[in-house]
Amino acid sequence: MTEIQYELREQDLLAFNDFQLKNTESLQKTLRRHQATIPGMLILIAVFVWFGYQDTLTAAWIAITGAVWGVGAPFFLRWQTRRKIARMYTAEDKARILGEYTLRIEPHALIEVSKAGESRINWEDILRIEPAKNYAFIFVSLDSALIIPRATVKKGDILEFFKEADQRIEKAA
């Protein structure tokens, strides 16, 4: 049986939500609008003011506002979204979710051991394993997953674990 042990931290919860948001089409549409559409319109207005009214100072301020908006809006939107996500979790939720975890692969199920106890997840119920740069996510539904931060894995070989888990998921599908 392959097994890994790791620690889940608050920043890991935020990383999962960031990962989910990056793959959300509505958020990507909003980011594109704030990165390109609105700054583009402001720059067009600046060009109109500059050529139409010969007002260089006002046109420059409008163009600078458009450029700052295009660069700053995505950072602001991500910051605001992270704050909202952080407020979603109460202190009780964090105390229940965060901490030491052990995942063990068994023939018919993935066993998760935490301070809350032991739970079994059948291989048929696991949708996929999604690797990311610093994390891996084992999706058990469309919007929830087991979060495995690579930096906090204390015991076990994470690559061997993923390989075996992926094989079990494919067999079950």
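The values are calculated or read from the model by the stated rules, or taken from the named source; none is laboratory data. If you're wondering where the values come from, they're calculated on a predicted model, not measured in any experiment. Positions of Cβ are generated from backbone atoms using ideal geometry, with glycine treated the same way; all protein chains shown enter the neighbour counts. Accessible surface areas use protein heavy atoms only, side chains included; no ligands, DNA or RNA. Shrake-Rupley method; radii C 1.70, N 1.55, O 1.52, S 1.80 Å.
Could you tell me which residue out of Ala109, Ile64, Ser144 lies farthest along the dipole of the chain toward its positive end? Charges go on the beta carbon: Lys and Arg +1, Asp and Glu -1, centred on the Cα centre.
The residue sitting most towards the positive pole is Ile64.
For segment 17-173, what size does the Cα cloud have along each of its three principal axes, sorted from largest down, in whole Å?
Extents along the principal axes, in whole Å: 75, 36, 23.
Just the Cα atoms of segment 11-71: what Rg and Dmax do they give in Å?
Cα radius of gyration and Dmax of segment 11-71 are 16.6, 53 Å respectively.
How high is the relative contact order of the chain? Use alpha-carbon pairs under 8 Å, at least six apart in sequence, and give a whole percent.
In percent, rounded to a whole number, it is 31.
I'd like the accessible area for Arg150: 1.4 Å probe, protein heavy atoms, all chains in place, Å² to the nearest 10.
Surface accessible to solvent at Arg150 totals approximately 80 Å².
Considering Cα pairs under 8 angstrom that are at least six residues apart, work out the relative contact order of segment 80-173 and quote it in whole percent.
Result for segment 80-173 is 18 percent.
Rounded to the nearest 20 debye, what is the charge dipole size of the chain about its Cα centre when +1 sits on each Lys and Arg Cβ and -1 on each Asp and Glu Cβ?
Dipole magnitude for the chain comes out near 580 debye.
Treating the angle as unsigned and between 0 and 90°, give the value, to the nearest 10°, between the Cα long axis of helix 158-172 and the longest Cα principal axis of the chain.
80 degrees
Label segment 101-173 by shape, choosing from rounded, prolate and oblate, from the square roots a ≥ b ≥ c of the eigenvalues of the Cα gyration tensor; if a/c is under 1.5 it is rounded, and otherwise prolate applies when a/b is larger than b/c, oblate when it is not.
rounded
For segment 1-134, report the accessible area per residue in Å² (1.4 Å probe, heavy atoms, rounded to an integer).
It amounts to 65 Å² per residue over segment 1-134.
Carbon and sulfur: what percent of the chain's accessible surface (1.4 Å probe)?
59 percent
To the nearest 0.05, what FRET efficiency results for Trp79 and Leu159 with a Förster distance of 45 Å applied to their C-beta separation?
FRET efficiency, Trp79 to Leu159: 0.85.
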